[in-house]
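**Q** Take a look at the following structure, please.
The values are calculated or read from the model by the stated rules, or taken from the named source; none is laboratory data. Not measured: the values here are computed from a predicted model. Heads up, the Cβs are rebuilt from the backbone with ideal geometry, glycines too, and the neighbour counts pull from every protein chain shown.
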Amino acid sequence: MRRARLYFTVAGSSFRRYATYRVATAAGVFTNTVFGFIVAYTYTALWTSRPQLGGYDQAQALTFVWTGQALLAAVALIGGGAQDEIQERIRTGDVAVDLYRPVDLQLWWLAADCGRAAFHLLGRGVVPMAVGAFAFELALPSSPLTWLAFLLSTWLAVVVSFAFRYLLALSAFWLLDGSGLSTLGTLLSTFFSGMLLPLNVFPGAFGEVVRQLPWAAMLQVPADVLLEERSGAAGLAGAFGFQACWALVLLAAGRALQSAATTKVVVQGG
Amino acid sequence: MGESGAESRTDGDATGGGTGVGAGRETGRETYGPTGGGAEVCVEAVGLEKVFQVRRRTGVLRRERREVRAVDGIDFTVARGEMVGFIGPNGAGKSTTIKMLTGILTPSGGRLRVAGIDPARERTRLTRRIGVVFGQRTTLWWDLPLRDSYALVRRIYRIPGERYRANLDRCVELLDLGELLDVPVRQLSLGQRMRADIAAALLHDPEVLYLDEPTIGLDVISKAQVRDFLRDLNAERGTTVLLTTHDLTDIEQLCERVIVIDHGRLMYDGALAGLHEVGESERTLVVDLERELPPIEGVPGARTVRTEGPRQWLAFPASASAAPIVARIAADHPLVDLSLREPDIEDVIARMYAQQRRPAAG
Amino acid sequence: MAEAERAAAPGVRDARAVRAVREAVVRARWGVRAYGFIAAMWVRSTMAYRTSFVLMVVGNLVTTLLDFLAIVIMFTHIDELGGFTLPEVAFLYATSSAAFGLADLLLGSFDRIGSRVRDGTVDTLLVRPVPVLAQVAADRFALRRVGRLLQAVLLLGWSVTALDLDWTPGRLLLVPVMVVSGAAIFGAVYVLGGAFQFWAQDAAEVQNSFTYGGTTMLQYPPTVFARELLRGVTFVVPLAFVNWLPALHVLGHDDPLRLPGWVDFASPAVAALCCVVAGLVWRAGLRGYQSTGS
């Protein structure tokens with residue numbers, strides 16, 4: 001119980017810390033909005049020549065674009081989350097201190113990342129979505145329950161994304177240049193999450209495989225929940241179940257890597 | 001403006017060759033400056049000023065603009081080959097002064113010359129004549145081995161090969177860097193990094209070396225090593241050394257002259273001994289007796305300020321010698337151990353203020 | 001006496017101008033040389049871990065190819081996007097990516113200025129006898145960023161063979177010209193973004209809109225975008241000169257803004273202008289830093 005409160009405190013302070021970066025937030029909103037416009041125009045061209053592509057109509061496709069921009073920072077698809085800090089702490093050796101703290105390292109960082117994501121969803125998600133809705137005709141749901149389901153799905157997306165980035169961050173224990181791997185992770189995340197192109201547009205068997213990978217849980221699934229492509233008790237259970245499974249698998253892998261890293265630090269002193 | 005202002009002031013009872021607050025500054029010049037000794041001027045600041053515009057949020061949209069005079073008309077000169085310590089509380093303006101002397105910041109007013117160069121106008125030309133060491137942040141390349149960092153420094157300063165090798169060998173030997181050359185800078189300890197940084201700042205034979213808090217956070221051995229090196233450098237090569245510090249021992253062991261800056265003004269310029277007298281600072285003798293005894297009395301020039309079991313604290317003027325006091329105590333009391341505590345720099349400055357206010361009030 | 005002085009004044013002024021220009025040239029050459037050896041040192045230090053480096057370059061190459069794969073997937077559903085075929089879009093993609101990749105390789109470290117201002121390490125750059133611009137540009141030079149450039153060259157090779165075009169010398173010459181001027185325009189954006197961070201330290205991300213956002217936009221046909229956006233990137237932030245305008249000429253497409261024909265060849269001049277503006281703003285930013293220290 002006290003532990004749970006500790007992690008809530010960590011999340012809260014992380015939220016407040018990111019809330020102090022006002023200029024950075026404004027800059028991010030600007031960038032997300034610019035990208036939203038660029039992608040929205042290309043999708044308009046694409047869906048004009050192929051209406052109903054991937055089962056979306058044009059309004060849904062455009063909603064997908066702006067959902068992607070709204071979630072980009074929260075789900076940290078292009079970095080900017082806890083992993084940068086973790087890697088910096090590994091690089092400077094401060095992580096040795098973290099490993100001896102009486103809290104669980106992975107949960108601690110997860111809590112911090114959830115706090116950050118909550119701020120990024122509000123601070124960097126709402127405005128681009130509103131601008132998108134103002135400039136284009138979007139297919140936003142009217143049911144508050146759908147929005148609630150979307151929030152839950154977004155939270156699960158953050159957890160899956162964190163679990164994946166935690167794995168990348170810990171690789172800095174073994175690699176000289178962790179930033180190179182981060183770049184790689186970023187590019188994988190943007191492609192396989194649907195950020196570049198909705199995954200239901202991906203053709204054939206390749207599409208089938210891509211839709212089952214963990215990155216699908218980061219954007220495609222929450223977007224489909226919002227677009228009511230996944231709805232009803234069964235549809236939503238399937239969506240949440242898919243996200244939760246990947247979250248557990250990746251968190252477990254992170255835990256294994258963390259204990260290997262701890263051994264390495266203890267044995268070699270960093 | 002500073003020139004004539006200083007000239008018109010009366011010669012006060014400047015002590016220890018230095019000049020106290022409100023006392024004439026000529027004495028300082030005669031002793032240390034170029035006019036009396038005929039030594040070559042290396043650094044000259046006249047009416048040096050730095051004003052920052054600070055904007056502060058006072059409401060949701062309202063903002064208040066305020067002027068902060070970080071350096072408020074400072075005059076001093078440093079002759080070639082001097083070693084001068086800049087002291088003062090945090091935020092007093094000493095770092096700003098050093099930043100102006102190195103060309104990092106542009107002064108808002110006054111005249112400044114370092115090695116005959118105006119730092120703000122010809123920063124790049126100046127960089128070849130000065131060496132800078134920041135205690136808190138390294139000027140070396142964090143991820144590169146020390147050897148590569150030095151090779152880069154050599155190319156950046158275009159140091160001729162022979163001179164570079166001679167200087168590097170000398171620094172490596174005196175600063176004990178031999179085993180560190182292949183270690184990336186990020187893996188060095190604070191003391192090692194400081195030594196490495198000092199070496200990097202000296203490879204191009206600068207005329208002036210600035211050190212910002214060179215001993216901060218170092219262990220006792222590293223501190224001693226750094227101080228020994230700087231003393232030798234100054235003695236053998238005649239390099240002018242300007243350093244800021246919080247550690248009075250740095251000043252005591254290195255500098256004949258201190259400049260105290262507070263609230264952007266020059267509070268004192270002269271010898272350390274004089275500073276103690278101006279500030280009426282006291283040193284403390286900590287005495288461990290065999291057993292608990294009543295407070296020691298009857299030692300001329302000293303008074304017991306505190307007792308705790310067998311340990312007693314005696315205060316005496318910093319300018320007085322400790323020897324007769326120790327001899328007197330040892331003669332009359334069962335002495336086990338004793339140690340001497342130097343006055344705190346903040347304490348000295350605080351006392352200086354108190355003294356400055358007294359004549360004004362009375 | 002005064003007459004004579006007045007008569008001599010223009011000559012004196014000319015001599016001063018000549019000297020100023022000469023000094024600027026000397027300074028620029030020294031800056032480039034210093035950039036060279038600082039960057040070389042970074043390359044050397046990463047080469048100590050050769051396997052890791054090769055993996056990173058390959059990884060970078062593969063993942064940037066994924067980026068293009070998204071466009072290929074689009075074309076599995078359509079034959080033309082905004083009136084452009086896949087090889088044509090590939091040509092746009094490759095030229096945009098090459099220009100941006102070159103700028104990113106050479107000047108990619110400019111987004112770190114804000115954090116350097118915050119932690120005070122800009123001061124350490126100011127006490128070295130190398131232009132700060134060169135030091136910032138060379139800082140943490142990462143050769144692995146060459147991956148994007150490789151991808152662009154591969155794509156360019158494919159699109160040139162796949163395009164059914166009459167490669168006149170003029171068209172052929174336009175390709176390297178657009179890559180180099182495009183890189184200069186993106187480079188100017190990097191420098192401007194860096195200078196902007198002297199005033200707003202946390203605003204590093206704004207420049208992503210123009211660098212990453214710009215290169216993404218330029219990878220698609222201009223016909224896809226709204227007229228106002230096209231005007232913006234032609235007249236305000238002249239990204240259209242990176243590849244769109246010259247590429248339209250090479251591919252034989254009409255310019256949606258109907259600008260006069262000579263603008264297709266104006267990229268080098270626009271790039272030079274951008275560099276001058278960026279240089280002046282950079283200098284103002286650095287001077288601002290030197291007077292406020294923050």
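**Q** Just the residues that are under 20 Å from C:Trp244 (Cα atoms) and either facing another protein chain (nearest Cβ under 10 Å) or buried (at least 23 other Cβ atoms within 10 Å of the Cβ) (or both), please, taken from the range C:76-88.
**A** Matches in the range C:76-88: C:Glu80, C:Leu81, C:Gly82, C:Gly83, C:Phe84, C:Glu88.
Residue-wise test of (1) within 14 Å of chain B (Cβ to nearest Cβ); (2) of a type outside the set (A, V, I, L, M, F, W, C); (3) touching a Lys or Arg at 6+ places or on another chain (Cβ under 7 Å); (4) free of Cβ contacts under 8 Å to residues at least 12 places away in the same chain.
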{"residue": "C:Thr234", "(1), (2), (3), (4)": "no, yes, no, no"}
{"residue": "C:Ala240", "(1), (2), (3), (4)": "no, no, no, no"}
{"residue": "C:Pro260", "(1), (2), (3), (4)": "no, yes, no, yes"}
{"residue": "C:Val263", "(1), (2), (3), (4)": "no, no, no, no"}
{"residue": "C:Ala272", "(1), (2), (3), (4)": "no, no, no, no"}
{"residue": "C:Cys275", "(1), (2), (3), (4)": "no, no, no, no"}
{"residue": "C:Gly279", "(1), (2), (3), (4)": "no, yes, no, no"}
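**Q** Can you say whether C:Leu248 is part of a helix (DSSP H, G or I), within 13 Å of C:Met178 (Cβ to Cβ) and not hydroxyl-bearing (Ser, Thr, Tyr), as far as the supplied structure shows?
**A** For C:Leu248, the condition - part of a helix (DSSP H, G or I), within 13 Å of C:Met178 (Cβ to Cβ) and not hydroxyl-bearing (Ser, Thr, Tyr) - is met.
**Q** Restricting to the range B:107-144, give me the number of residues that are polar (S, T, N, Q) and within 22 Å of the chain's Cα centre (by Cα).
**A** 4
**Q** Turning to a different aspect of this structure: Can you tell me which residue in the range B:133-178 is surrounded by the fewest Cβ atoms within 10 Å (Cβ to Cβ), limited to those that are assigned to a loop (DSSP other than H, G, I, E, B) and without any contact (Cβ under 8 Å) to a residue 40 or more places away in the chain?
**A** Step by step, filter the range B:133-178, then rank; the result is B:Pro160.
**Q** When you scan the range B:184-204, how many residues do you find that are surrounded by 16 or more Cβ atoms within 10 Å (Cβ to Cβ) and in a loop (DSSP other than H, G, I, E, B)?
**A** Qualifying residue count for the region: 3.
**Q** Of the residues in the range A:202-215, how many are surrounded by fewer than 23 Cβ atoms within 10 Å (Cβ to Cβ) and either in a helix (DSSP H, G or I) or touching a Cys at 6+ places or on another chain (Cβ under 6 Å) (or both)?
**A** Number of matching residues: 8.
**Q** Whether any residue in the range A:30-48 is under 19 Å from the mean Cα position of the chain (by Cα), over 30 Å from C:Val224 (Cβ atoms) and without any contact (Cβ under 8 Å) to a residue 40 or more places away in the chain is what I want to check.
**A** no
**Q** Please go through the range B:205-223 and pick out each residue that is at pLDDT below 90 and either hydrophobic (A, V, I, L, M, F, W, C) or surrounded by 22 or more Cβ atoms within 10 Å (Cβ to Cβ) (or both).
**A** Hits for the range B:205-223 are B:Asp212, B:Pro214, B:Thr215, B:Ile216, B:Leu218, B:Val220, B:Ile221.
**Q** Quick one: is A:Ala73 out of contact with any Pro (no Cβ under 9 Å at 6 or more places or on another chain), more than 9 Å from chain C (Cβ to nearest Cβ) and within 20 Å of A:Met218 (Cβ to Cβ)?
**A** yes
**Q** Identify all residues within the range A:99-119 that are in contact with a helix residue (DSSP H, G or I) (Cβ under 7 Å, 6 or more places away or on another chain) and of a type outside the set (A, V, I, L, M, F, W, C); write none if there are none.
**A** A:Gln106, A:Asp113, A:Gly115, A:Arg116
**Q** Pick from A:Ala112, A:Ala96: which is closer than 16 Å to A:Lys264 by Cβ and touching a residue at least 60 places away in the same chain (Cβ under 8 Å)?
**A** Numbers: A:Ala112 fails: closer than 16 Å to A:Lys264 by Cβ.
Of the residues listed, the single one that is closer than 16 Å to A:Lys264 by Cβ and touching a residue at least 60 places away in the same chain (Cβ under 8 Å) is A:Ala96.
**Q** Among the residues of the range A:59-100, how many are surrounded by 23 or more Cβ atoms within 10 Å (Cβ to Cβ) and either of a type in the set (Asp, Glu) or at positive phi (or both)?
**A** Selection size over the range A:59-100: 1.
**Q** In addition: Which ones in the range A:47-58 are on the phi < 0 side of the Ramachandran plot and surrounded by fewer than 23 Cβ atoms within 10 Å (Cβ to Cβ)? Please lay out each step first, then the result.
**A** Narrowing the range A:47-58 to residues on the phi < 0 side of the Ramachandran plot: A:47-51, A:53, A:56-58.
If the condition is that a residue be on the phi < 0 side of the Ramachandran plot and surrounded by fewer than 23 Cβ atoms within 10 Å (Cβ to Cβ), then A:Trp47, A:Thr48, A:Ser49, A:Arg50, A:Pro51, A:Leu53, A:Asp57, A:Gln58 are the ones that fit.
**Q** Residues C:Gly232, C:Gly214: which one is part of a helix (DSSP H, G or I), buried (at least 24 other Cβ atoms within 10 Å of the Cβ) and among the small types (Gly, Ala, Ser)?
**A** From the options C:Gly232, C:Gly214, the qualifying one is C:Gly214.
**Q** Determine whether the range A:152-173 contains at least one residue that is without any contact (Cβ under 8 Å) to a residue 40 or more places away in the chain and of a type outside the set (S, T, N, Q).
**A** No, the conditions are met nowhere in the range A:152-173.
**Q** With the requirement that a residue be crowded, with 20+ Cβ neighbours inside 10 Å and not polar (S, T, N, Q), what does the range A:16-40 give you?
**A** Residues satisfying the conditions are A:Tyr18, A:Ala24, A:Ala27, A:Gly28, A:Val29, A:Val34, A:Phe35, A:Gly36, A:Phe37, A:Ile38, A:Val39, A:Ala40.
**Q** What single numbered condition from (1) within 18 Å of C:Leu126 (Cβ to Cβ); (2) facing chain C (nearest Cβ under 10 Å) fails to hold for B:Asp118?
**A** Only one criterion is unmet by B:Asp118, namely (2).
**Q** Kindly indicate which of C:Ser96, C:Ser52 is at pLDDT 95 or above, of a type in the set (S, T, N, Q) and touching a Ser or Thr at 6+ places or on another chain (Cβ under 9 Å).
**A** Going through C:Ser96, C:Ser52 in turn, the sole match is C:Ser96.
**Q** Given B:Leu168, B:Leu126, B:Leu144, B:Leu174, which one is aliphatic (A, V, I, L, M) and within 18 Å of C:Pro129 (Cβ to Cβ)? Full working, then the answer.
**A** Values: B:Leu168 fails: within 18 Å of C:Pro129 (Cβ to Cβ); B:Leu144 fails: within 18 Å of C:Pro129 (Cβ to Cβ); B:Leu174 fails: within 18 Å of C:Pro129 (Cβ to Cβ).
Just one listed residue meets the conditions, B:Leu126.
**Q** Follow-up question, since we're still on this one. Do you know which residues across the range C:43-52 are part of a helix (DSSP H, G or I) and at the interface with another protein chain (Cβ under 8 Å from one of its Cβ atoms)?
**A** Matches in the range C:43-52: C:Arg44, C:Ser45, C:Thr46, C:Ser52.
**Q** Then there is this: In the range A:74-93, which residue that is in contact with an Asp or Glu (Cβ under 8 Å, 6 or more places away or on another chain) and assigned to a loop (DSSP other than H, G, I, E, B) is nearest to A:Thr154 (Cα to Cα)?
**A** Applying the filter and picking the extreme gives A:Ala76.
**Q** Among the listed residues A:Leu175, A:Leu121, A:Leu196, A:Leu140, identify the single one that is of a type in the set (A, V, I, L, M) and in a helix (DSSP H, G or I).
**A** Details: A:Leu175 fails: in a helix (DSSP H, G or I); A:Leu196 fails: in a helix (DSSP H, G or I); A:Leu140 fails: in a helix (DSSP H, G or I).
Within the list A:Leu175, A:Leu121, A:Leu196, A:Leu140, the selection yields A:Leu121.
**Q** Out of all the residues in the range B:135-169, which are at pLDDT below 90 and farther than 27 Å from C:Val43 by Cβ?
**A** Result: B:Gly135, B:Gln136.
**Q** Testing C:Trp158 on (1) over 19 Å from the mean Cα position of the chain (by Cα); (2) more than 9 Å from every other protein chain (Cβ to nearest Cβ); (3) aromatic (Phe, Trp, Tyr); (4) surrounded by 22 or more Cβ atoms within 10 Å (Cβ to Cβ), one condition comes back false. Which one is that?
**A** For C:Trp158, the failing item is (4).
**Q** I would also like to ask the following. Just give me the residues in the range B:73-93 being within 14 Å of chain C (Cβ to nearest Cβ) and in contact (Cβ under 8 Å) with a residue 24 or more places away in the chain, in sequence order.
**A** Answer for the range B:73-93, where residues must be within 14 Å of chain C (Cβ to nearest Cβ) and in contact (Cβ under 8 Å) with a residue 24 or more places away in the chain: just B:Gly93.
**Q** If a residue must be in a helix (DSSP H, G or I) and within 12 Å of C:Leu251 (Cβ to Cβ), how many such residues does the range C:163-174 contain?
**A** Residues meeting the conditions: 2.
**Q** Among the candidates C:Ala188, C:Ala204, C:Ala200, C:Ala226, single out the residue that is among the small types (Gly, Ala, Ser) and away from chain A (no Cβ under 14 Å).
**A** C:Ala188
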